[in-house]
Structure formats: structure tokens, C-alpha cells
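This report concerns only the one structure given below.
The values are calculated or read from the model by the stated rules, or taken from the named source; none is laboratory data. Small disclaimer: the values here were computed from a predicted structure and weren't measured. Ideal geometry is used to build each Cβ from the backbone, glycine not excepted, and the neighbour counts take in all protein chains shown.
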Amino acid sequence: MHETLSVLVIDDDVTDRMAIRRSFAKTPLQAKITEAETAQNAKGVLADDSFDCIFLDFRLPDTDGISFIKQLRLEGNFLPIIVLTGQGDEQIAVELMKAGASDYLAKSHLSPENLHSLIRHAINAYRAEQRVRAAQEQLRQTNMLLRQQNQELEAQRQQIERQNLRLLQANQHKAEFLATVSHELRTPLNSILGFSQILKSQTKGSLNDYQTKMVDCIHTNGESLLYLVNDILDMSTIESERLQLTPHFFDLTTLVQEVASEMLWVAEKKGLKVSQMIALENCEVYNDRQRLKQVLVNLLSNAIKFTQTGTVTISVKTLATNSLEIAVQDTGIGIEPEQLSTIFQPFRQADQSIVRHHGGTGLGLAITHSLVSMMQGFITVDSQPNQGSTFRVQIPHTIAG
């Protein structure tokens, strides 16, 4: 210790106070000593100044050492206190330590060496305790802050849960509404398509060219609207988790050829070719034929829609035991890299200008993605702008269920 210590000596005996001063003078310590004769005087001094250590006479005119120490500690003053006693009474020593004294010393044993040792240990212990108290206070404040933050986070979590519940309910209501509307639209649409087909067959009399053109327009637009209604109905059924697969055994090669044949006329109207590449070790698969056909039709129709020249290729191959890959490759407009992450989301298309130019709702790939997931598979896409896209579907040869 090389700093100047501020020491308060509380003793009503001037001789004892002088003895303490002389002992300090003979130690390596530098000390500024302030004196008080009574406990009352000492309290006034402590209120006006700060100290590093207190030397306290056990018996004062207005109190005793134990009572004085207890009062200081109750007031939150934890300065190191060394008590000077007239004689070495072990019982008193125990009571002093219990009250909060740092140490005690019989006046008959007062010496520079003892004083130096006592004050050095007392101040070191006090400063260590101060560091502990500071750390405990910091920890208390940190814990209080954490509790407050936890409470705020819990309130935010509950708010988010309530909002999520409202969103889920709103989404459920939307799905139910769309399903109801779609069902209600199907009946008149089927009637429109049926009657337009009858008119096209001219079973009720001849139609002139203009009338035939108008009937074709009614039928074409009716079919487009029916596809849209079916997509909305499928999406709402999927979102409400009411769509169930009905798997059975069927020939996948036959299904691929069937879909390619049905889509061929659409491709030929645009001057496109449709090719097939089938390399299956076992053509018989266990899946929902209708829904897998829907996946293939969606992918092929998308490829044809966004391809102006070239070829659309559908390929099927066995990857491993109970696993196969269906790929649809086109030479169309492709997709920008930053837009690939959203193409499987409902009502999203890679570019909104596509909606104006090519039409569609943006539901086809979302439905396809959901159906493939229900088949315990996954779908990926590789695409380069102006070079074309390849959609790959991997599904089990035999799905569960």
C-alpha cells in the first residue's frame, strides 16, 4: 500500500489516540488520521468525509463497540473496523466479529507491526468485499434487465401467437370461402361447356362460320375458367389440409405417354416438339395416378407456355431402390436467379409481366410443390434466363400410405 490512507480513530482517551498515531508513524503506511471522542461525533465526521478504515475503542462514553458497529452496518456502511479492547476477552471478540468488525486488538498488544498487519488485511478484505458487492450488484441489475427483457419477449411471443392464430383463422376462412365459391362456379361452368359442346356438334342445326367461331370462343374461355377454378379449389383444399392421396398400382410409362400425347396438340399449335425419354427398371409404381398426372400436366403445360421455339422434353428414370426422377426440360425464357426462391409460392410468378403476357394465376407450381411433398418427394429447378428451365421431381417408387 503506497497511497495515503484516511483513518478515523474513535476513542475518548487522548493517550490511546496518541499511541495509535505513534504506531502509525513507525509503519510504512502513509495515513491521514482524523479523531473523534464519541460515537455521536464519529457519525458527524463519517457523514462529512470518506475513510478507508476505522479504529474503534470498544467502550465509548455514549455507546459500546458492538452497538456502534451494528448501527453502521444497518445504515449500509461496510468500512473495515478494527476494535481496540482493554483486554483480550474471547467472548467479546466473538460478539464483535458477529456484529461485523473486521478484526480486534487488545490495547496492550498495540505495536507498529500489529497495526500494520491488521490494517493491511482489513483494507484488502474490505476492497475484495467491495469488488464482490459490485459484481453482485451488476449481476442483480443484469438479472433484473434479463427478467424485464424476458417479460417483454414473452409478451411479444404471446402477441405473435395471437396474430398467428388470427392469420391461421383468416387463412382457413379464405380457403373455405374459395372452396365454396369454386364448387358453386363449377356447376354453371360445366353447363356452359356442355351446351357449347352440343352447339359445336351442330346437333340442333347448322351454324354459320361466325356462330361457330363464337361457340369455339365460349368453349375455350369456359375451359380456361374451369382450369382456374380447379386450381383455386385444389389450392384451398391443400391449404386446409383436406386433400388426401388415393394411391394404387399403375404403369408410369403409360401415364407419361398419355400426358405427352394430350399436351402434344398444344405444343404443335406453337410449333414446338415434345419428346420422351423413359428409362425405368420397373414401370409399375404405387402412387395417386390422378394427382401424379396433375403434376406432369402442370409441368408440361408450364414448359410449353413459356417456350416459343424448340423442344420440351419429359424424362423418367430410376435413381435408386424405391426412388425415381421425373424431369421436364424446355428451351424457353428461363427464370432470373433471384426469382427462383419464390416460384413455388402460391399466387407468385417469377415476373409479373408474365401474367400479362402469358396469363395464369401462379398456382400451378405451388400446387405441384404441395402434391410432390404429399408424395414424400421434392421438386427442384435449374434455370438460366433465355436458355430454358429444367424441373426435377424425385418421389419414391412406392409412396407410404
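Across region 42-98, which residue is surrounded by the fewest Cβ atoms within 10 Å (Cβ to Cβ) among those that are among the hydroxyl-bearing types (Ser, Thr, Tyr) and over 29 Å from GLN30 (Cα atoms)? Going through the qualifying residues, I end up with SER67.
Note on region 159-199: residues that are over 28 Å from THR220 (Cα atoms) and of a type in the set (A, V, I, L, M) total 5. Any residue that is in contact (Cβ under 8 Å) with a residue 60 or more places away in the chain, farther than 24 Å from LYS293 by Cβ and not polar (S, T, N, Q) - is there at least one of those in region 168-177? Yes: region 168-177 contains one or more residues that are in contact (Cβ under 8 Å) with a residue 60 or more places away in the chain, farther than 24 Å from LYS293 by Cβ and not polar (S, T, N, Q). Kindly check whether there is at least one residue in region 208-216 that is assigned to a helix (DSSP H, G or I), touching a Lys or Arg at 6+ places or on another chain (Cβ under 6 Å) and either at pLDDT below 80 or surrounded by 12 or more Cβ atoms within 10 Å (Cβ to Cβ) (or both). There is at least one residue in region 208-216 that is assigned to a helix (DSSP H, G or I), touching a Lys or Arg at 6+ places or on another chain (Cβ under 6 Å) and either at pLDDT below 80 or surrounded by 12 or more Cβ atoms within 10 Å (Cβ to Cβ) (or both).
Of all residues in region 121-131, none satisfies the criterion of being loosely packed, with under 15 Cβ neighbours inside 10 Å and in contact with a Leu (Cβ under 9 Å, 6 or more places away or on another chain). Just to be sure before I move on: is ASN114 within 24 Å of LEU5 (Cα to Cα) and among the polar types (S, T, N, Q) in the structure I sent? Answer is yes for this residue. Strands (runs of 3 or more DSSP E) fully within region 229-315 that include at least 1 residues being surrounded by fewer than 21 Cβ atoms within 10 Å (Cβ to Cβ), without any contact (Cβ under 8 Å) to a residue 40 or more places away in the chain and among the aliphatic types (A, V, I, L, M): 273-279.
Residues in region 335-373 that are in contact with a Lys or Arg (Cβ under 8 Å, 6 or more places away or on another chain) and either at pLDDT 75 or above or among the β-branched types (Val, Ile, Thr) (or both): THR342, ALA366, LEU371.
Within region 99-119, being surrounded by 15 or more Cβ atoms within 10 Å (Cβ to Cβ) and assigned to a loop (DSSP other than H, G, I, E, B) holds for GLY100, ALA101, SER102, LEU110.
Within region 162-207, restricting attention to residues that are among the β-branched types (Val, Ile, Thr) and in a helix (DSSP H, G or I), the residue that is surrounded by the fewest Cβ atoms within 10 Å (Cβ to Cβ) is THR187.
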